[in-house]
Every structure is written in C-alpha cells, then in structure tokens.
Ligand code: SAH
C-alpha cells in the first residue's frame, strides 16, 4: 500500500494503484486511468481476501476520505505506519535502516476510546480503536437530489459523503449536526456551494473537551451574519455540555476552512480541557491535538526526551495554545513559545496564568521569522532544548539554520508527516546533530497519518 492507503498491485510488471485494496488481497480490478509506467484502478471483486482484511465499521469507510485504513486490522495498521516512518527516514533522510534508533510504535489500546458511549456500544465491525477524535469539521452542501447534507469530503475530491454517525468522533456530533440541518431546512438557509461561491453555511466545527465534557460549535459562514442566529443558539445550548457557540466568517473562495473573524453567539468564546494536570483554554481558531488519550503519551515522550532538570532554557516552536510549553515549563527555568495564530497565543498566555506557570513567554509570528530575529539580538544567550512541532510541511530551512546556530544540546522534533520530518532531520544531521531516538505514536487509528517524536543530540566534537 502506498502512503495514501491505496493498494499497489502488479500485472505483468505494470504498477497499478488501487483504492480500497488491502495489503495481501488478490483482487479483480478495473483500470480507470493508464499512464506510461503506472495506472490507477478500482476493485471489482476480491478474489482472495488478505489475512489483514476486516469488515469496516462505518458503511461510508470506502468513499469517505477520512479513514483510509479501516478495512485493515489494527495490528497491520500499526505496522503500516512503522514501515512508512522507517521508509521515509531511510529513503528521504538517508539514515541507515540498521542503525535507526526506532522504538516500536505506541498504539492506542482498545478500551481507551475517550468518546465511546452508550450510543456506540451496538457498533460492530472494524478493528482497533474508534471514537477518539475530540474534533470534527463537517462540510454542508446539497446532494444531487436537492437535500441538505453534511458529512466528509470523499478522498481527493470535494464531493460530500454523507457520514451520519461518524465512528471516529463523539456521538454528540450527530445531534448537533442534525440540529443545524433542521434549522437550515426550517429557515431556508442555504448551504455553501463551492462552484458558484454562493450559499451561507460552509462547515460546522465541533470540539469536545474529553475531561471536561465542554462542547464548542463554530459555524463557518460565507457571510457577515447568521439569520435567526438566536433560534439556533437556543437549540444548541440545550445540548448537555454546550459551552461555546460561535460563527466564523469566511467569505473567500478557498479550501482553507476557517476565516479570520470569530463572533461568539452564546456561552464563552472558548472551551476548556485538561491534559494531565494542566488546564487549557481552546478557541475555535486554535490548534489542539485531536486524540486526547494519545496526546498524553506523546507529550510524555517529549518531556522524557527533553530530560529537563529545572535549569534549562527551552524554546517550543509551533506551540499552538502552549500545551507542550506548559508541560516543559514545570521542569525548566524558562520556556519561550512561538506560534503564528494570534488567538492561539492569546490562549497560551491565559493558559500559563490559569495554571500558575510564570516562567513562560510567548511570541506571535512565523517561527522562521521570530526566532532568527530574536537570535540576532541575543547571540550570547544560551539555549538548552528546542522543541519543534510544525504542520505537515515541516520547518523552513531558515529556521533550521538558526536552530543549528543557537546550539541547543537537544532538539525534540514532533512531526505529523514523516516525509518532511526525514528531510529536516537530514539537514540537522548534516549540521552537527544526531538522531538519538525515534518514537512513532499512533494519534490517528484508522487513518494513514502517523505522529513521530524524535530526540536529537548535538555532536560533542563540533
Ligand atoms: N505544539 C502544539 C501545536 C502543534 S500544530 C500542540 O501540540 O498542540 C502546529 C502549529 O503550528 C499550529 O498551531 C499552527 O498554527 C502553527 N504554525 C503553522 N505555521 C507556523 C509558522 N510558520 N510559525 C509558527 N507557527 C506555525
């Protein structure tokens, strides 16, 4: 299977990528697109099912772009992810497979599912954990027959797959989405149409605090205001745990889900959740890890790898709402956080206060601009540990260069895309660092993505 989770098949040496085929299947397929050296196909029938094949739990697993691996046993999913990370480090990073200090992937245990509730008990099929996501972003639109629908985008496209009762999220999402849909039908509020750039309701962002049960709903609209907003907010506020209802204004022709402006309609403009002993405020625009159970394990690794004693100066780059920063600050002298989203930095500063952690300072801006500027003014300052947790595109080379110049004894790289991780590690390891430990963590059971935490040490001789 390739990195997107498509099966890779061969017919007389010709390579075909086939969606919905699992490693080890023998299938009869149909070629839908043929290029000179490879082509794409789809499954017509499964001649011999793979020993790793399972019946997916969700009826929409195949068309939906969310769960690429749901037809595969969880054990095999974990191995797929480990292999992917190792392959990237070897092929892109240039590391030798034998000497890679890679730990076995930290999978999620069945029974740990945070949002498994009485509604989900009757579900059958699938393998491994479900109902772990604290967040969903559901597009609204019209089906071919004219009905208002919500769900998820199909793989590689923007057609909406109706996914009632998604098996990854909290069951309460369904109630919320139904409430919104009924409201739209009743008051003739049009869902957004990407092609014509008309209509109002684009997405509903729903986030649930696992430890607090607080729920946030943010409706992304292609307009300045939501008509009859009071009716909808009254209905939503009746749902147990509802703590924040807002609209986000996004009038651009764009794939980016959220616009810049958020208007709070009811409750508070944020929800609160806990990770370990710390409490965090989270705004709609702020990033917050989606799998609360695995996040604790990941942050635990970051802390372990950082090996702090209380005297260190630490940078947490791409810090979001300061989650990792505050974890580290409890065991360091000083922590500096950098993040591009202003609302997230506001959360980070409030979160530091809320938890009584004074030794943090947060900067808004691009890490690749803030850090080099700071370093120019503080060339003498010593930095002990730098943690980076960039989005999928990885770190900018300007940033990596400055990090090397700052000479921290350790760099901890948290990555959600092992291809860009491998590229960046290659750079760092050509410049005085070596990989000490690689720990894949499965944050996204049923999907192809994999989180990785890497500890780098500085070579003593340089
Ligand atoms: N460490 C945090 C957030 C990680 S997600 C946590 O675990 O919760 C990556 C974060 O990087 C997001 O909050 C995103 O807004 C931010 N970001 C994206 N590009 C950035 C850049 N160029 N400079 C700084 N932050 C950036």
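Scanning the stretch 394-404 for residues that are part of a loop (DSSP other than H, G, I, E, B) and more than 8 Å from the ligand (Cβ to nearest atom) turns up 394, 395.
Just a yes or no: is a residue in the stretch 31-42 touching a helix residue (DSSP H, G or I) at 6+ places or on another chain (Cβ under 9 Å) and over 28 Å from residue 453 (Cβ atoms)? The answer is no; no qualifying residue exists. Among the residues making up the stretch 405-433, a single one is part of a strand (DSSP E or B) and more than 27 Å from the chain's Cα centre (by Cα): 433.
Restricting attention to the stretch 190-212, the residues being part of a loop (DSSP other than H, G, I, E, B) and more than 20 Å from the chain's Cα centre (by Cα) number 9. Residue count for the stretch 335-369, restricted to those that are in a helix (DSSP H, G or I), closer than 22 Å to residue 270 by Cβ and touching a helix residue (DSSP H, G or I) at 6+ places or on another chain (Cβ under 7 Å): 3.
In the list 350, 361, 312, which residue meets the criterion of being assigned by TED's automatic domain parsing to the domain that holds residue 416, more than 13 Å from the ligand (Cβ to nearest atom), more than 19 Å from residue 453 (Cα to Cα) and surrounded by 17 or more Cβ atoms within 10 Å (Cβ to Cβ)?
312
Across the stretch 134-153, the number of residues qualifying as at pLDDT 95 or above and under 16 Å from residue 175 (Cα atoms) comes to 10. Looking across the stretch 12-22, the residues that are in a loop (DSSP other than H, G, I, E, B) and either more than 19 Å from residue 70 (Cβ to Cβ) or out of contact with any strand residue (DSSP E or B) (no Cβ under 7 Å at 6 or more places or on another chain) (or both) come down to 12, 13. Put simply, of 76, 42, 133 the only residue that is touching a residue at least 24 places away in the same chain (Cβ under 8 Å) and assigned to a loop (DSSP other than H, G, I, E, B) is 133. As a summary of the residue check, residue 266 satisfies the conditions (1) touching a helix residue (DSSP H, G or I) at 6+ places or on another chain (Cβ under 6 Å); (2) under 16 Å from residue 388 (Cβ atoms); (3) assigned to a strand (DSSP E or B) except for the one numbered (2). Regarding residue 321, is this residue part of a loop (DSSP other than H, G, I, E, B), touching a helix residue (DSSP H, G or I) at 6+ places or on another chain (Cβ under 9 Å) and more than 16 Å from the ligand (Cβ to nearest atom)? Here the answer is no, as residue 321 does not meet what is asked. Among the conditions (1) touching a residue at least 60 places away in the same chain (Cβ under 8 Å); (2) within 19 Å of residue 389 (Cβ to Cβ); (3) surrounded by fewer than 20 Cβ atoms within 10 Å (Cβ to Cβ), residue 211 misses just one, which is (2). Of everything in the stretch 428-441 that is farther than 16 Å from residue 84 by Cα and crowded, with 18+ Cβ neighbours inside 10 Å, the residue that is nearest to the ligand (Cβ to nearest atom) is 428. Tell me whether the stretch 46-61 contains one or more residues that are touching a helix residue (DSSP H, G or I) at 6+ places or on another chain (Cβ under 6 Å) and touching a residue at least 60 places away in the same chain (Cβ under 8 Å). Taking every residue of the stretch 46-61 in turn, none turns out to be touching a helix residue (DSSP H, G or I) at 6+ places or on another chain (Cβ under 6 Å) and touching a residue at least 60 places away in the same chain (Cβ under 8 Å). The residues in the stretch 193-211 that are farther than 19 Å from residue 177 by Cβ and in contact with a helix residue (DSSP H, G or I) (Cβ under 8 Å, 6 or more places away or on another chain) can be counted, and the count is 2. Quick one: count up the residues across the stretch 176-192 that are surrounded by 16 or more Cβ atoms within 10 Å (Cβ to Cβ) and out of contact with any helix residue (DSSP H, G or I) (no Cβ under 8 Å at 6 or more places or on another chain). Counting residues in the stretch 176-192 that are surrounded by 16 or more Cβ atoms within 10 Å (Cβ to Cβ) and out of contact with any helix residue (DSSP H, G or I) (no Cβ under 8 Å at 6 or more places or on another chain) gives 4.
Just to check your reading of the model, which residue among 276, 307 is outside the structural domain of residue 173 (by TED's automatic domain parsing), away from the ligand (no atom under 15 Å from the Cβ), surrounded by fewer than 21 Cβ atoms within 10 Å (Cβ to Cβ) and over 26 Å from residue 139 (Cα atoms)?
Residue meeting the stated conditions: 307.
Quick check on residue 337: is it within 15 Å of the ligand (Cβ to nearest atom) and touching a residue at least 60 places away in the same chain (Cβ under 8 Å)? No: the conditions fail for residue 337. Residue 317 falls short on exactly one of the conditions (1) assigned by TED's automatic domain parsing to the domain that holds residue 389; (2) surrounded by fewer than 22 Cβ atoms within 10 Å (Cβ to Cβ); (3) in contact (Cβ under 8 Å) with a residue 60 or more places away in the chain; (4) farther than 30 Å from residue 153 by Cα, and that condition is (2).
Restricting 75, 117, 97 to residues that are exposed (fewer than 13 other Cβ atoms within 10 Å of the Cβ) and in contact with a helix residue (DSSP H, G or I) (Cβ under 7 Å, 6 or more places away or on another chain) narrows the list to 97.
From the list 372, 390, the lone residue that is in contact with a helix residue (DSSP H, G or I) (Cβ under 7 Å, 6 or more places away or on another chain), within 16 Å of the ligand (Cβ to nearest atom) and either in a strand (DSSP E or B) or assigned by TED's automatic domain parsing to the domain that holds residue 309 (or both) is 372.
The values are calculated or read from the model by the stated rules, or taken from the named source; none is laboratory data. Note that the coordinates shown come from a computational prediction; the quantities given were computed from them, not determined experimentally. Backbone-built Cβ (ideal geometry, glycine too); neighbour counts: all protein chains shown.
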